[in-house]
Amino acid sequence: MLNVKEMLEELNASPYEEIEIRTPHTGVVEFVGLAPGDRVNGPSGKWLERPGTLLANLTREKNKKPICATQKGQVMDIRAELEGRFVEAGERLLTIRHFLSKEEVLGRILKKALHLFCAPERAKYYFVPEIDAKIKAGGEQSVKVREGLDMFIVSRMKRETPLSYSGPEGIIYAVYFQQGDNVDGGQPLIGVCPESQLTLIQDVVSRVQGEWEERD
Amino acid sequence: MARHTLLIANRGEIAMRILRACVTLGHDFVCVYTTADAQSGHVRLARELGGPDRLFRINSYQDPSEILAVADASQATAVHPGYGFFAEDFRFARRVVERQRPLIFIGPSWTLVRDLGDKINTKRIARAHSVPTIPGSDRPIYDEMEAVELAQTIFAFQQDQGIAEGCVLVKASAGGGGMGIEEVYDLDKFRSVYRRIRNYAKRNLSDEGVLIEQRIFDFNHLEVQVLAERGGKNAVHLGTRNCSVQSLGRQKRIEVAPGFDPASLTYAFDAAGVLDAITRHSVNMSLQVGYDNVGTWEWIVTPRGEPFLMEVNTRIQVENGVSGVTSRIQGRADGADGVDVIAEQIRLGLGEPLGYTQQNVSTTGVGIEYRILAEDPLDRFTPCLGRIEAFGWVAEPWLQVFTQVPTLQLGDEPYEIPMDFDPNLALGIVWGQSLDEARARGVEFLGGLVLQGTDTRGEPLRTNVDFLKNRTQTLLHF
Amino acid sequence: MDIDKRTQELAARLTYIRDIFGQRENASMAMLRTRLEEFLEQAPHLGMRELSRQVGMLEELFVLLEGKLESELTPMDRVRIVRHPQRICLKDILENVYDNYTEIGGQDEWSIDPGMLIARATIARRMGKKTVHQSVMVIGQEKGHGQEFRNAGSIKPWGNANALYYMRVAEIENIPIHSYVFTPGAFPVEDYPGAAQQISKNLYVMAGLKVPIISVFSEGGSGGAEAIALADKRLMLSHGYYSVISPEGAAAIEGGLKDKATPELIERCASRLRITAADNLELGFIDRVIQEPPLGARPEHYDFFRQLRREVIRATDEVVDSVDGLGPLRGMAIRRQAKAADPQDIFVRWSLGGGARTKLVDRRFEKFRAMSRTACRDNRSLGARIYSGLEGMLWSAHSTLRHDFLARYKRHLLHMLEALEAELRALRQGVGGPLGKFLGLGDGQQRRLEVPPEALERLTLLSCPEEGACRLEDTWVYVSPKSREDRTLTCPNTPTHGCLDLWGPDLFGEFAGVCSHCGHHFPMEFQWYLYNVFNFAQAYEFNSELESSNPLGYEGFDLKLEQAKRQTGLGSACITFETHIEGVTTVVAVLVSPFRGGTVGAAEGEKIIRAAERAMLKRTPFILYSHGTAGIRIQEGTCGVIQMPRVTMAVRRYIEAGGLYLVLYDTNSFAGPVASFLGCSAYQFAVRSSNIGFAGPGVIRETTGVEVPPKYHRAFSALSRGHIQGIWDRREIKKNLHQALLTMGGKNLYYR
């Protein structure tokens, strides 16, 4: 059985996540005057169409690009020494401390509560067309899975092989990957909830909704 | 000679070979690598020979902006594209030389990269210079009547030649990668195939042009290695290679120089004559078009001994070493490994004159190159990913091995095969006085190779070593 | 009791005055207020008679001062009058102007669009002793004295579609249409059938509607008004406004969209835009003004309704008279229109005969064709004008001769020849088949194909050596100057498609501004299209002397116009020319985005009309390429708006004459033009990555409170909505256009 209370307490002890903002590619960095402790916002708008707070600009081949915050949070430390310098790709610029929201806490607890079906190897994963259509039409929770069901197409080195589900029967409660992105071996693809446990899961959801305090 | 800084816009073993050539020639180098590739041999070698300042982590090998941003940041003066990635990208070649801070592109002029990068164009250029090409159309056909007539003529031509089963190839001129291509064995079926291809092309490629060619079976795949200096006034060749041993996906696995060996094998045609013809045509065409760096003229030789030019590769190739190892330049102190084609390429790319003529070039012995990959020849050459736990070979004076994989013993930190690239592990080049000696040494090399690992499913890593050994013993030429 | 009611009424009148004059304090208003307050204070102490006397005096004072205030009304005050909940609305009119009516197409909130009211109404007229009930179709926006569900008369696309349907019904029934314009503007959502698209359909149909249309303007807000206002007679209430944009909207644009516009700026814009009835009468966009009581008509002004009734009857009579020749006496009576004679007493049959119906449409076209003529600058010399007039006549004669007269004979001859040839072929085949077999030529199995040497040569030698060895790269005639800059650009689709940065010279040169990874189209200069698509180097440009001007004397606009002319080297946002596209002669009009955002004013409208006329005369296809248009040029006020019906009518005439009218959208095309002459084409295509719609996302948010998704106006949305017919890659426009010219087109087009 799942001890929701304990998990919530554990999360309450460190209710944040540290997000490292790294350069997507090489270029010359220019900060915009943020200081540690400043608050930044993630993308907003109904369709997340407005980008988050500008953190820095990166100029490469005369093309100045903004680097924006991906999550709401607080700036932790800024590598000010990089100002005006050419940096390599993937260089850390600053860290944002992001306080977990209800959805995120829920996601974390669910990852422990659900049966996770993981990627067997690093590859790109897709749902088979029938399941993809079902998810698009009725949402993830409309799909029931059972042992041996052909669920995924694994694409690796331009070759595609089918992958079937193994684990308890149930409905897909969460999808953890983006179709077409690389997923490392061992990373969860989907979270399956056996129908018998559905009430328990719903209980977890309501408890988090009720008990988790969101902070800025 | 001015000291240059070359940015090596590539990875793996070719980056290592370029890097070594730079050191040999006394130039500086800059290497790039991606996070996934941090373990690769070229990163280790660059750190070893140049220190950490010579290394830049980039987002992708395929993003020209990354390469050029690093070039500017590191004050590089020239870019070497290696093979793959930007090697045959004329836009990259153009950008390198036409940007505000121009660099030298170690490769032919971008216009040549463009013109010879297109197979149809190459065919037309070849015909304009009387170089034989595969019988068929040399421009997209848009008219059905014309297409039918052409197909008819090709069938008749094959019949005249006594080819029992004539075959015509119909392909979308804008297509590639094996899509929109079909064989026709019967003139009556031609129209329907033609229409199918044309409709496919119209729908998917928005150009309904179709090419019609004779389909040739059981041909030998030969190559001529050409070296030409800037300005295109002087060119030589370094002999021929035979690349007929390929995987299912038409990927070369074994290359042998010279292309034919009339001394130890018998052919149904005048093999020496063919070799002479293709080298002559290649160098001739190179001079005619003003070709100005290393390049490879690819030929197919039919079972009747007719050579047809197929394409020109405007870059250094993987298998350049096998031509190098069998070539000698008179009056030069090249070692036992023969001519370093990559060093020659850099030299020529930076504008140095060739410094020798065809008379100074001689070929000697037989070289065989093996491409060792983590793939399963029994299962359609499917790539096999995983880690290498043990890797090593017996060093011999007649052997060169190029690899980005470190020498490993069981218990060492294993080497992960990066999944973003082809699972090339190593190139082994053996040399012998004769074909037989080279073959024997090849088998010896492959036999002594230690290569062990585990794939992602926990099973032993599969490689093509046995396939290579087997092909060495059975068939290297058709 | 009576006194109470009367004082209450006076208080209400005072409140109304305060509403109308807004913030402004005013002596008359102050006086009315103090007098009323004084009276209310004293009232309890006064006797009945005295009360009555004082109220009477107060009422007289109100009338007097209302008259005085009337003369102080600013344009913005009129806007407030029109928007006031006490303003008369369509239901009041139906009840008071017509003798009977039945609401159709919905009732109150149970309607597809409660803002659009449609009714069949009757007007009783005396004919001797008989009473004749004449039917009309009444269509108009209903504001319902501020009823929430009426949406202030802002009509949704389906409301306009419903109106259009009943206009067609009226046409079938051969009864006149009375339309009443009470709209601040259309509701700018793109849900099917789409705001812009539906308005353009309405305009297109109304341009050819074969029954008299009378429109009465109270609040004429731009495109929303035009959707029902393309009429044979356009009347306007004296306190109404008719404008290209709401004064607030104009102020928002003027003041830079970021900050909220100040009331002063709004006032200024309202007067600059010349939106009042008097202004519009002077500009010639309406035919008559109907005088309202001081400070505007409210439901209790029964005299006003009687007057309105007279005016609409008279207007309908006049229209019928102009095309259907009444008897001499009645005609004279109507024309003289002595105020004394109630038009109701003279009977005029409102259903038109066949000839009159066609004539009506012609008249309507002429009427609109003549509007806004002087609102642009014609720089041609007198000689040039005479010459162009003559040229037109010559062409007209030439084209009648060639396409109508000679063509008929030519066609006959061709048919005969074709038939003869077919006969001969049949003869040959019929005999040739068996004959050939008999001679043993057809035995396919054993035949050995002989390869003639020249055929063999074709297999191995260079074909078409005259073309050179290298096939020509696709090079563009015009290469963007942006391609000379060494810099890289980021494709906007990078986050979703992972496009790599593009190098400027590649992108704007060879790639023609198309992202090589995802196909996103970066905007290109209009010259790129002129030269690479429309073969402008060999084209003949005409009417370049027609230039945009500042017809309303809009403050500060002369300077901006000069600046636009200097920057683009053009006289207006429209270039018209005759050209050859792959050998097909076509007339092309281009709306140029850099010239004041490609906005359409009188000059642009006139140029497009003339281009359509030229295409009609020369019987060539007509292509309108919108390189980008932000809408109607607001600084030209109604001179701009009127281009919507004007150009639509011209285009319709061209299409009806058998022409092929093709529209191609690029970058951003919005508002008026899309809602009229662009949107009415049966063949509309878009260049990839373009946006098409009625109002931009910001305007939609402000006017309707609806948030639209980021890709709301994308061409692909327009395609799935059925607005456009296809989306073209920029590099293939020429090919696609040529194909369109070969596969579409009217019966009279001679382009093959």
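The values are calculated or read from the model by the stated rules, or taken from the named source; none is laboratory data. Worth saying up front: this structure is predicted, and the values here are computed from it rather than measured. Positions of Cβ are generated from backbone atoms using ideal geometry, with glycine treated the same way; all protein chains shown enter the neighbour counts.
Can you name the residue in the range C:1-16 that is within 16 Å of C:GLU37 (Cβ to Cβ) and among the hydroxyl-bearing types (Ser, Thr, Tyr) and, of all such residues, is surrounded by the most Cβ atoms within 10 Å (Cβ to Cβ)?
C:THR7
Please count how many residues of the range C:56-98 are surrounded by 18 or more Cβ atoms within 10 Å (Cβ to Cβ), among the β-branched types (Val, Ile, Thr) and in contact with a helix residue (DSSP H, G or I) (Cβ under 8 Å, 6 or more places away or on another chain).
Matching residues across the range C:56-98 total 5.
Going residue by residue through the range C:677-691, is there one that turns out to be surrounded by fewer than 21 Cβ atoms within 10 Å (Cβ to Cβ), part of a loop (DSSP other than H, G, I, E, B) and over 20 Å from the mean Cα position of the chain (by Cα)?
Yes, the conditions are met somewhere in the range C:677-691.
Out of the range A:26-43, which residues are part of a strand (DSSP E or B) and either away from chain C (no Cβ under 14 Å) or not aliphatic (A, V, I, L, M) (or both)?
Of everything in the range A:26-43, those that are part of a strand (DSSP E or B) and either away from chain C (no Cβ under 14 Å) or not aliphatic (A, V, I, L, M) (or both) turn out to be A:GLY27, A:VAL29, A:GLU30, A:PHE31, A:ARG39, A:VAL40.
I'd like to verify a number: residues in the range B:252-298 that are part of a strand (DSSP E or B), closer than 30 Å to B:TRP110 by Cβ and not β-branched (Val, Ile, Thr), how many?
6
Return a yes/no flag: does the range B:81-89 have any residue that is within 14 Å of chain A (Cβ to nearest Cβ), modelled with pLDDT of 95 or more and closer than 24 Å to B:ASN293 by Cα.
Checked against the condition, which is being within 14 Å of chain A (Cβ to nearest Cβ), modelled with pLDDT of 95 or more and closer than 24 Å to B:ASN293 by Cα, the range B:81-89 yields no hits at all.
For residues that are in contact with a helix residue (DSSP H, G or I) (Cβ under 6 Å, 6 or more places away or on another chain) and acidic (Asp, Glu), scanning just the range B:236-271, find the one that is surrounded by the fewest Cβ atoms within 10 Å (Cβ to Cβ).
Checked the range B:236-271; the qualifying residue surrounded by the fewest Cβ atoms within 10 Å (Cβ to Cβ) is B:ASP261.
Within the range C:141-159, track down each residue that is at negative phi and either touching a strand residue (DSSP E or B) at 6+ places or on another chain (Cβ under 7 Å) or β-branched (Val, Ile, Thr) (or both).
C:GLN141, C:GLU142, C:LYS143, C:SER154, C:ILE155, C:GLY159
Confirm whether B:ILE125 is in a helix (DSSP H, G or I), of a type in the set (A, V, I, L, M, F, W, C), touching a Phe, Trp or Tyr at 6+ places or on another chain (Cβ under 9 Å) and within 12 Å of chain C (Cβ to nearest Cβ). Steps first, please.
Values: in a helix (DSSP H, G or I): yes; of a type in the set (A, V, I, L, M, F, W, C): yes; touching a Phe, Trp or Tyr at 6+ places or on another chain (Cβ under 9 Å): no; within 12 Å of chain C (Cβ to nearest Cβ): yes.
Spelling it out, it is not the case that B:ILE125 is in a helix (DSSP H, G or I), of a type in the set (A, V, I, L, M, F, W, C), touching a Phe, Trp or Tyr at 6+ places or on another chain (Cβ under 9 Å) and within 12 Å of chain C (Cβ to nearest Cβ).
When the residues of the range A:7-21 are filtered to those that are surrounded by 13 or more Cβ atoms within 10 Å (Cβ to Cβ) and touching a strand residue (DSSP E or B) at 6+ places or on another chain (Cβ under 9 Å), which remaining residue is farthest from the other protein chains (Cβ to nearest Cβ)?
Only one residue fits best here, namely A:PRO15.
Among the residues of the range B:158-177, are any at the interface with chain C (Cβ under 8 Å from one of its Cβ atoms) and over 32 Å from the mean Cα position of the chain (by Cα)?
Within the range B:158-177 (the criterion being at the interface with chain C (Cβ under 8 Å from one of its Cβ atoms) and over 32 Å from the mean Cα position of the chain (by Cα)), the answer is yes, since at least one residue qualifies.
For the range C:547-563, which positions are assigned to a loop (DSSP other than H, G, I, E, B) and of a type in the set (Gly, Ala, Ser)?
Let us first name the residues in the range C:547-563 that are assigned to a loop (DSSP other than H, G, I, E, B), namely C:549-556.
C:SER549, C:GLY553, C:GLY556 - these are the residues of the range C:547-563 that are assigned to a loop (DSSP other than H, G, I, E, B) and of a type in the set (Gly, Ala, Ser).
Need pairs with beta-carbon distance below 7 Å; first residue over 23 Å from C:CYS515 (Cβ atoms) and touching a residue at least 40 places away in the same chain (Cβ under 8 Å) and within the range C:677-702, second part of a loop (DSSP other than H, G, I, E, B) and of a type in the set (Val, Ile, Thr); sequence gap 6+ or separate chains.
C:GLN684/C:ILE724; C:ILE700/C:VAL189; C:ILE700/C:VAL706; C:ILE700/C:VAL708
Go through (1) closer than 30 Å to B:ALA71 by Cβ; (2) β-branched (Val, Ile, Thr); (3) more than 13 Å from chain C (Cβ to nearest Cβ) for B:VAL113 and report which single condition fails.
(3)
Inspect all residues belonging to the range B:65-80 and state whether any of them is on the phi > 0 side of the Ramachandran plot, within 12 Å of another protein chain (Cβ to nearest Cβ) and not in a helix (DSSP H, G or I).
yes
Return a yes/no flag: does the range C:707-714 have any residue that is within 14 Å of chain A (Cβ to nearest Cβ), modelled with pLDDT of 90 or more and within 20 Å of the chain's Cα centre (by Cα).
Yes; the residues of the range C:707-714 include at least one that is within 14 Å of chain A (Cβ to nearest Cβ), modelled with pLDDT of 90 or more and within 20 Å of the chain's Cα centre (by Cα).
Is it the case that C:LEU530 is in a helix (DSSP H, G or I) and either touching a Lys or Arg at 6+ places or on another chain (Cβ under 6 Å) or surrounded by 20 or more Cβ atoms within 10 Å (Cβ to Cβ) (or both)?
Working: in a helix (DSSP H, G or I): yes; either touching a Lys or Arg at 6+ places or on another chain (Cβ under 6 Å) or surrounded by 20 or more Cβ atoms within 10 Å (Cβ to Cβ) (or both): yes.
The answer is yes for C:LEU530.
Look through the range C:583-610, keep the residues that are in a helix (DSSP H, G or I) and among the β-branched types (Val, Ile, Thr), and return whichever of them is farthest from C:PHE670 (Cα to Cα).
Out of the qualifying residues, it is C:ILE609.
So how many residues does the range B:93-110 have that are at the interface with chain C (Cβ under 9 Å from one of its Cβ atoms) and within 22 Å of the chain's Cα centre (by Cα)?
To start, the set of residues in the range B:93-110 that are at the interface with chain C (Cβ under 9 Å from one of its Cβ atoms) comprises B:94-95, B:98-101.
Retained after the next criterion (residues that are within 22 Å of the chain's Cα centre (by Cα)): B:94.
Counting residues in the range B:93-110 that are at the interface with chain C (Cβ under 9 Å from one of its Cβ atoms) and within 22 Å of the chain's Cα centre (by Cα) gives 1.
Mind listing whichever residues of the range A:44-59 are part of a loop (DSSP other than H, G, I, E, B) and touching a strand residue (DSSP E or B) at 6+ places or on another chain (Cβ under 6 Å)? Quick ask: steps written out before the conclusion?
The initial filter retains those residues of the range A:44-59 that are part of a loop (DSSP other than H, G, I, E, B), namely A:45-49, A:51-53.
Scanning the range A:44-59 gives A:PRO51, A:GLY52, A:THR53.
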